[in-house]
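Colleague: Below: one structure in structure tokens.
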Amino acid sequence: MKVLVINCGSSSLKYQLIDSETEKALATGLCERIGIDGRLTHKTESGEKIVLEDALPNHEVAIKNVIKALTDYKAIESLDEIGAVGHRVVHGGEKFNHSVVITPEVKKAIEECNDLAPLHNPANLIGIDACEHILPGVPMVAVFDTAFHQTMPKEAYLYGIPHEYYDKYKVRRYGFHGTSHSYVSGRAIELGGLDPKNSKIIVCHLGNGASITAVKNGESVDTSMGLTPLEGLIMGTRSGDLDPAILEFISKKENLSLEEITNILNKKSGVLGMSGVSSDFRDLEDAEAAGNERAAEALKVYGYRVSKYVGSYIAAMNGVDAVVFTAGLGENDKNIRNTVASHLGFLGVELDQELNAKRGQELIISKPESKVKVMVIPTNEELAICRETVALV
Ligand code: ADP
């Protein structure tokens, strides 16, 4: 079956058409600047890249143009070949602990979670509506970023605030990147020959957004992102954990509203804010090499925070079999892996530097005698969404 995987943002839409039998992407692409002007970048199976500058006034036009690109560039002959659509949905709240076939009731329930992800869920729903109009009768599945983490115990998801906020508004830790953490921990069990029912894995998903998850016996038992994707690690532009009193302190000093401060914490903080250089780790490493002290400092603080989280999840699970790195930075940057490994020396962790320098493949990069395995596993959220979709339809 050919499955169209859609990841819809407020002004962008990423897509992949995947053949579920071969698990190969037949086409991938990105619509940008929807509602502004519009650009569609389409990549064929052979890697040819086509940029189309047609106007994209809304998501429905974007999806129509995606289907046109898929037929024009021969990923499909006609739209009847699309057997199902898998939608990434960011927040499923406590309502969804697994993927579901989309029905009017499911859409209503997703809408009820809008409050929890005001930037993401409304955009995801727009993408679902647009696909329903253009591909009537094609089954659609919602795959939630939060679903994998619904196995967390209360001790991991409750905050130390009055219980009424949980009762009234469901303020709690939800966690994100669940599709990636689930896929990568599953691959780690296979790669490491671990027992799915008796394994302790820590997945470090380090991209622009970054989160760490403790996966015990195949289930998420704790994760670093919280009610929103702002908590936890320091990220490209997000602050991650901080003393909550800092908000009021800065608000008074700088005469800023809470909204303005939250915006700073989301968009102008992290390694970008710390270094004043960039949110991209390649730029930071270049700046460090050129002697930029703030860039060097930001990288140090970043690596320390990741290592601390890994340490705390070893305690949370009372042990660890494998620490796994994934996403842009986790897959490509040997330095961050070395930093974390150096903090795990007390467990006898040692990396094979030749393997650590490789990129783009699934690898165990720790030395064979290392009791704890360290792995690199490229994430593939689209393939995970495709698999979930096929399983449900
Ligand atoms: P997201 O999906 O969250 O947007 P990615 O998983 O694509 O992000 O990760 C993007 C980040 O990965 C970039 O900001 C960059 O800092 C980092 N990255 C990518 N390639 C490299 C590399 N070769 N070395 C260091 N960092 C890299």
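The values are calculated or read from the model by the stated rules, or taken from the named source; none is laboratory data. Model, not experiment: these values are computed from the prediction. Positions of Cβ are backbone-derived with ideal geometry, glycine not excepted, and every protein chain shown enters the neighbour counts.
Colleague: Any idea which of (1) part of a loop (DSSP other than H, G, I, E, B); (2) surrounded by fewer than 15 Cβ atoms within 10 Å (Cβ to Cβ); (3) in contact (Cβ under 8 Å) with a residue 12 or more places away in the chain is the one H133 doesn't satisfy?
Modeller: H133 satisfies every listed condition except (1).
Colleague: Residues I63, I36, I67: which one is in a helix (DSSP H, G or I), within 17 Å of A123 (Cα to Cα) and of a type in the set (A, V, I, L, M, F, W, C)?
Modeller: Working: I36 fails: in a helix (DSSP H, G or I); I67 fails: within 17 Å of A123 (Cα to Cα).
After applying the criteria, what remains is I63.
Colleague: What are the pairs with Cβ atoms under 7 angstrom where one residue, in segment 354-365, is modelled with pLDDT of 95 or more and the other, located anywhere, is assigned to a loop (DSSP other than H, G, I, E, B) and more than 16 Å from the ligand (Cβ to nearest atom)? Sequence gap at least six, or different chains.
Modeller: Matching pairs, first to second residue: I364/G192; I365/D352.
Colleague: If we keep just the residues of segment 329-354 that are among the hydrophobic types (A, V, I, L, M, F, W, C) and within 16 Å of the ligand (Cβ to nearest atom), which is surrounded by the most Cβ atoms within 10 Å (Cβ to Cβ)?
Modeller: Ranking the candidates gives V340 first.
Colleague: Hey, another quick one. Pull out all pairs, ordered by first then second residue, where Cβ-Cβ is under 7 Å, the residues are six or more apart or on different chains, the first lies in segment 270-290 and is closer than 19 Å to D241 by Cβ, and the second is in a helix (DSSP H, G or I) and within 8 Å of the ligand (Cβ to nearest atom).
Modeller: Going by the 7 Å Cβ cut-off, the qualifying pairs are V271/L284; S275/L284.
Colleague: Kindly list, by first and then second residue, each pair from a residue in segment 13-33 that is modelled with pLDDT under 95 to a residue that is part of a loop (DSSP other than H, G, I, E, B), limited to pairs with Cβ atoms under 6 Å and residues at least 6 apart or on different chains.
Modeller: Here the result reads E32/S12, each pair linking segment 13-33 to a residue that is part of a loop (DSSP other than H, G, I, E, B).
Colleague: Related question: Hey, can you tell me all the residues within segment 240-281 that are closer than 20 Å to G226 by Cα, within 16 Å of the ligand (Cβ to nearest atom) and either at pLDDT 95 or above or in contact with a strand residue (DSSP E or B) (Cβ under 7 Å, 6 or more places away or on another chain) (or both)?
Modeller: The answer is G240, K268, S269, G270, V271.
Colleague: State yes or no: is I189 away from the ligand (no atom under 16 Å from the Cβ) and touching a residue at least 40 places away in the same chain (Cβ under 8 Å)? First the steps, then the outcome.
Modeller: Values: away from the ligand (no atom under 16 Å from the Cβ): yes; touching a residue at least 40 places away in the same chain (Cβ under 8 Å): no.
No: the conditions fail for I189.
Colleague: Would you confirm whether any residue within segment 316-328 is buried (at least 16 other Cβ atoms within 10 Å of the Cβ) and free of Cβ contacts under 8 Å to residues at least 60 places away in the same chain? First the steps, then the outcome.
Modeller: From segment 316-328, those buried (at least 16 other Cβ atoms within 10 Å of the Cβ) are 316-317, 320-328; that's our starting set.
Subset that is free of Cβ contacts under 8 Å to residues at least 60 places away in the same chain: none.
No, because not a single residue in segment 316-328 is buried (at least 16 other Cβ atoms within 10 Å of the Cβ) and free of Cβ contacts under 8 Å to residues at least 60 places away in the same chain.
Colleague: Under 8 Å by Cβ, and 6 or more places apart or on different chains, what pairs join a residue from segment 372-393 that is under 15 Å from V101 (Cα atoms) and modelled with pLDDT of 95 or more with one that is within 12 Å of the ligand (Cβ to nearest atom) and in a loop (DSSP other than H, G, I, E, B)?
Modeller: Note: no pairs meet the criteria.
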